[in-house]
Amino acid sequence: MVAETADILARLVGFPTISAASNLSLLDYVEEEVTRFGARVRRFPNAEGDKANLLVSVGPDEPGGIVLSGHTDVVPTDGQIWTGNPFELRRQNDRLIGRGATDMKGFLACCLAALPTISAQGLRRPVHFAFSYDEEVGCTGVGPMAEWIGSSALAPKFAVIGEPSSMEFVSAHKGGLIGWATVKGKPGHSSQPDRYVNAVMVASQLVAFIETLRVGMRDGPFFEGLDPPYSTIQVNQIAGGSHGNIVAETCRFFWEMRIIPGQSPDAVFDTIKRYAHDVLEPAMHRVDPGTGIMFEVQASIPALAPNDDTDLERDILALLGKSQTLRVPYGSEAGIFQQAGIPSMIIGPGDIADAHQPDESIGVLELSDCVEFLTRLTRTYC
């Protein structure tokens with residue numbers, strides 16, 4: 001089974017599905033593979049028609065069953081030093097190296113490698129593979145597919161999202177809200193700054209306010225098991241101004257927040273917008289009504305909260321041979337499936353520390369363990 005899984009992974013890695021590129025050729029390959037086992041397929045294309053989510057179903061067309069989900073896109077390799085072609089899988093000792101090997105084509109390969117056994121088990125409930133796009137740019141692609149699954153007659157019992165977790169059961173993670181703030185000022189000669197509106201200076205006030213929110217978040221609320229166990233917010237990119245002696249006309253910065261389950265990212269965002277519009281803009285408008293502060297949300301990623309079904313959690317831990325679940329600070333598509341009404345969790349091969357790195361790799365034994373787990377999981381619940 002290791003050889004078969006590695007062969008499938010090699011095919012998947014060979015499709016350079018960075019988020020800026022199409023994933024349709026990869027989906028064509030997957031469809032060709034799964035239809036040999038009587039699978040039903042459904043695509044959810046994006047508006048441009050160059051990408052799609054793919055839902056693959058095997059077994060009876062009935063409610064129940066489970067969803068096994070992973071994203072098809074990978075991060076770019078630009079600026080990284082690889083010791084070989086990132087899109088040509090190669091083996092080094094007990095590791096398989098290639099872009100996406102860990103994040104997360106390894107899990108997709110495990111799903112496809114397990115399919116012959118799964119489809120031959122005499123399924124009483126369906127197994128659904130949900131392969132998405134644009135996870136790496138803020139989980140912006142999977143929504144329509146997750147919502148359709150959650151609102152349809154499929155009514156799956158739960159979903160496993162195969163993000164790299166070293167085959168640990170991740171039951172909770174933070175949510176995220178990310179975007180840009182743009183300050184439009186009024187330019188002029190820097191010798192008379194009070195006649196104009198300096199966008200860089202206004203942006204610095206807004207960044208300073210965000211810093212006060214960040215410091216305040218250390219006081220809670222808390223969600224134990226996460227590191228750190230409180231929400232965070234920060235600014236990681238900023239650019240503005242055109243010349244050293246011209247009052248800056250524009251300034252733009254990127255903000256991101258990672259919010260614990262149970263706390264609202266929208267409430268934090270509203271606090272920032274109120275400060276911008278009620279405190280900063282009035283002084284700007286007194287100089288020029290055409291100035292202002294604009295916000296653009298790039299992506300919103302729901303947090304993943306522990307599922308209410310403790311029996312399900314206990315039983316899957318037993319299948320894994322584990323004693324407890326983990327909670328992680330990063331986000332994933334799991335919160336989107338949960339928001340769509342599908343109990344969700346993260347279990348996948350590979351170490352998250354290897355994701356996005358040059359010479360990204362995954363252990364062959366982890367792939368084997370994952371295939372065996374998927375076989376046991378589907379035999380138990382389907």
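Data for the structure
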quantity	calculated
Alpha carbon Rg of region 267-382, scaled by the compact-globule rule 2.2 N^0.38 Å	1.67
Electrostatic dipole magnitude of region 189-324 [Cβ: Lys, Arg +1; Asp, Glu -1; Cα centre; debye, to 20]	540
Integer Hz, Karplus 6.51/-1.76/1.60 couplings in order for region 54-66, x for Gly and Pro	10, 10, 10, 10, 10, x, x, 7, 9, x, x, x, 9
Lone cysteines, the chain (no partner Cβ under 4.7 Å)	Cys111, Cys139, Cys251, Cys382
Burial ranking of peptide ranges 197-204, 65-72, 2-9 (average Cβ count within 10 Å, highest at the top)	65-72, 197-204, 2-9
Hz values of 3J(HN,Hα) by residue in region 117-134 - Karplus curve (6.51, -1.76, 1.60), Gly and Pro given as x	5, 4, 5, 8, 7, x, 5, 9, 10, x, 10, 10, 9, 10, 9, 10, 10, 6
Estimated [θ] at 222 nm from DSSP helical runs (n ≥ 4, -39500 (n - 2.57)) normalised by residues in the chain, nearest 500	-9500 deg cm²/dmol
Label point distance in nm, Ala47-Lys322, each placed 7 Å from Cα along Cα→Cβ	3.8
Under the Karplus curve 6.51 cos²θ - 1.76 cosθ + 1.60, θ = phi - 60°, whole-Hz ³J(HN,Hα) for region 224-231, x wherever Gly or Pro sits	5, x, 8, 10, x, x, 10, 6
Restraint check, Lys51/Lys184; Lys51/Lys273; Lys51/Lys186; Lys174/Lys273; Lys105/Lys174, Cα-Cα greater than 32 Å	Lys51/Lys184; Lys51/Lys273; Lys51/Lys186
Using a Förster distance of 56 Å, the FRET efficiency for Glu211-Asp309 (Cβ separation, nearest 0.05)	0.90
Column: log10 I(q)/I(0), Debye, Cα scatterers of region 175-297, q = 0.17, 0.20 Å⁻¹	-0.82, -1.03
Where only alpha carbons of region 98-249 are counted, the Rg and the Dmax (Å)	24.1, 81
Loop sites in region 51-150: trypsin sites (Lys or Arg not before Pro), DSSP, at most 14 other Cβ within 10 Å	Arg124
Alpha-carbon radius of gyration plus Dmax, which is the widest Cα pair, for region 26-163 in Å	15.9, 49
Listed residues Gly244, Val297, Val183: farthest to the positive end of the dipole of region 175-297 (Cβ charges)	Gly244
Calculated diffusion of region 190-256, Stokes-Einstein form, Kirkwood radius summed over Cα pairs, 25 °C and 0.890 mPa s, µm²/s	177
Net charge dipole size for region 311-382 [Lys, Arg +1 and Asp, Glu -1 on Cβ; Debye, nearest 20]	360
Mean Cα-pair separation over length for region 197-336, i.e. relative contact order, pairs under 8 Å, 6 or more apart, %	24
Square roots of 5 times each gyration tensor eigenvalue, C-alpha, the chain, largest first, Å	43, 23, 19
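Quick note: the coordinates plus some simple rules give every number you see, no bench work behind them. As the structure is a computational prediction, the values presented were derived from the model and not from experiment. A quick note on method: Cβ atoms are made from the backbone with ideal geometry, for glycine too, and the neighbour counts reach across all protein chains shown.
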